[in-house]
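Down below is the structure, laid out as structure tokens.
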Amino acid sequence: MADDVLKTHAENKVKELEKEEQRLERELRGKESFHRAAWAEYGSELCSGEMLADEDAIRDDIAEVGRKISLLKKFVGGKLDISREERLRNNSAEVAAQIVILQDSKKLIDGELSEIVMVKNLLAVTF
């Protein structure tokens, strides 16, 4: 039951974000149009870098909204199970602990290898 409520909430959030995405796309088109007109009128007197940065910032916002929409649609479509969060956190913690153990083992092995190489270099012996 709780999943149905969350999915309904997610569907509503998708609609809200899609409106935001459309608003940003209109804003981008308007900004691009304004910049083209200003460039045609004033040309090199303008800072094209700032104009492009403004447009890129809006594109970044559009992309971020798109990512949010995709995630919510993935959840609504059943391809993302949010009930797995605790299990995934535990798995991540276990993997992190294993990484620490492996890194410590590697340091010990690398230390011994370094000693072997140093002795061989001191004796000028090659195998």
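What trypsin sites (Lys or Arg not before Pro) does region 49-127 have in DSSP loop regions with at most 12 other beta carbons within 10 Å?
LYS79
Of [x] 77, 60, 18; [y] 61, 36, 23; [z] 51, 27, 22, which one was derived for Cα extents along the principal axes in Å from the structure shown?
Only one option fits the structure, namely [x].
In whole Å, how far is the Cα centre of region 89-121 from that of region 1-64?
47 Å
Measure up LYS19/LYS73; LYS31/LYS73; LYS31/LYS79 against 25 Å on the Cα-Cα distance and list the ones that go over.
The answer is LYS31/LYS73; LYS31/LYS79.
Rule-based calculations on the coordinates, nothing more; no lab input. Treat the numbers as computed from the prediction; the structure is a model and nothing was measured. All Cβ positions, even for glycine, are placed from backbone atoms using ideal geometry, and neighbour counts span all protein chains on display.
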